[in-house]
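The structure appears right after this line, and notes come after that.
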Amino acid sequence: MKIGFIGLGNMGAPMAKNLAAAGHAVTGFDTAGVTVEGVTPAATMEAAVAGQEVIVTMLPNGAIVRKVHEAIVAAADPETLIIDCSTIDVESARAVHDLAGEKGLMSLDAPVSGGTGGAAAGTLTFMVGGSEAAFAKGRPLFEIMGAKAVHCGDAGAGQAAKICNNMILGISMIGVCEAFHLADRLGLDRQAMFDVASTSSGSCWSLNTYCPAPGVGPESPADRGYRPGFAAELMLKDLDLSQTAAEKNGAFTELGRHARDVYKAFVEAGGKGKDFSAILEKLSAG
Ligand code: NAD
């Protein structure tokens, strides 16, 4: 396929590289002038968009996605499928679907889970919103960039799934960190705490797979000084998205709101650039 890829950052660059390595003709554009192995650089966004069968975007936030998608829709061929893989608010996701629809273009919101490691390895999970026909056309590309793609429903359903999942993740990571902190204060060995809770009703991904205590459980960012992984400020961004959505849609998410406040305070107090599991380090420091 002929693919235009807009946004070649930490996530977009390896995703575009994998599409090119699989034999697709990928043209890339990033305002930072990034070049990626196997990807033909375009001098302008319009040059990356015109004549392509699929356009993929991987951008920082909803405002940028709205602006970029306006330019894409203006320059794209009539049969083009537009896939936005950025994590953005549900409203912006639906707005860019509408924009594409007005010009008769197919579109998908397809945020990802799996981080930069998953992007490089081609093992991302895609959560996808949009029509069946659009999903069918995008699926071969998801299979290259990822290990799993779930069609969650209509426009915006991918973003809805993403923010709900990450709200669980933020809350559960704080819970696991608090449990280790309490265990420390009670004189309970961290390994014993892990051995019990990871095989009991306290088990969850934040504990079993991504344990925030160094030297305990499988290897995780805690074992390399909390170098991300998934940075605390990205968790804060996703928790902010979940709380904006909760407020707009009348959902009661008290723990989600509290988790957002915990990450906001953490990021502002020097946690920026650290993995989101470093909440344990902060609790231990008192
Ligand atoms: P990033 O900041 O590394 O990359 C974003 C890229 O977009 C940058 O290279 C920037 O120059 C480019 N850009 C900005 N405005 C542009 C424009 N108008 N036109 C073209 N290019 C433009 O961010 P990232 O870590 O790659 O994340 C991208 C998205 O993926 C975000 O929405 C993020 O929330 C989401 N995400 C990130 C991770 C992660 O672990 N990094 C995991 C899951 C989802």
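Side notes on the structure shown:
- For region 1-39, a residue qualifies if it is in a strand (DSSP E or B) and crowded, with 17+ Cβ neighbours inside 10 Å, and the qualifying residues are Ile3, Gly4, Phe5, Ile6, Val26, Thr27, Gly28, Phe29.
- Figure legend. Inter-residue proximity from region 111-137: first residues touching a residue at least 12 places away in the same chain (Cβ under 8 Å), second residues aromatic (Phe, Trp, Tyr) and open to solvent by less than 50 Å² (accessible area, probe 1.4 Å), beta-carbon distance below 6 Å, spacing 6+ or different chains. Indicated pairs: Val112/Phe126; Gly115/Phe230; Phe126/Phe142; Val128/Phe135.
- In region 78-95, the qualifying residues are those that are at pLDDT 95 or above and open to solvent by 10 Å² or more (accessible area, probe 1.4 Å), and the one that is nearest to the ligand (Cβ to nearest atom) is Thr87.
Here's the yes/no breakdown for (1) at pLDDT 95 or above; (2) within 16 Å of the ligand (Cβ to nearest atom); (3) buried (at least 23 other Cβ atoms within 10 Å of the Cβ):
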site	(1), (2), (3)
Gly122	yes, yes, no
Gly129	yes, yes, yes
Gly138	yes, no, yes
Met145	yes, yes, yes
Gly153	yes, no, no
Gly170	yes, yes, yes
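- Pairs where the first residue, in region 243-257, is in contact (Cβ under 8 Å) with a residue 12 or more places away in the chain and the second is in a loop (DSSP other than H, G, I, E, B) and small (Gly, Ala, Ser), C-beta under 9 Å, 6+ apart: Ala245/Ala251
- Filtering region 94-135 to residues that are within 28 Å of Ala232 (Cβ to Cβ) and assigned to a strand (DSSP E or B) leaves Asp109, Val112, Ser113, Leu124, Thr125, Phe126, Met127, Val128, Gly129.
- The one condition in (1) part of a strand (DSSP E or B); (2) in contact with a helix residue (DSSP H, G or I) (Cβ under 7 Å, 6 or more places away or on another chain) that Lys148 fails to fulfil: (2)
- Considering residues of region 40-52 that are assigned to a loop (DSSP other than H, G, I, E, B) and away from the ligand (no atom under 13 Å from the Cβ) only, the residue surrounded by the most Cβ atoms within 10 Å (Cβ to Cβ): Gln52
- Of all residues in region 187-212, those that are open to solvent by 40 Å² or more (accessible area, probe 1.4 Å) have Cβ atoms under 7 Å from Cβ atoms of residues that are aromatic (Phe, Trp, Tyr), 6 or more apart or on another chain, in Arg190/Phe180.
- For region 155-168, the tally of residues that are touching a residue at least 60 places away in the same chain (Cβ under 8 Å) and open to solvent by less than 50 Å² (accessible area, probe 1.4 Å) stands at 9.
The values are calculated or read from the model by the stated rules, or taken from the named source; none is laboratory data. A quick note: this is a predicted structure, and the numbers were derived from the prediction, not measured. Please note: Cβ atoms are built from the backbone with ideal geometry, for glycine as well, and neighbour counts cover all protein chains shown. With ligands, DNA and RNA removed, areas are computed over all heavy atoms of the protein, side chains included. Shrake-Rupley method; radii C 1.70, N 1.55, O 1.52, S 1.80 Å.
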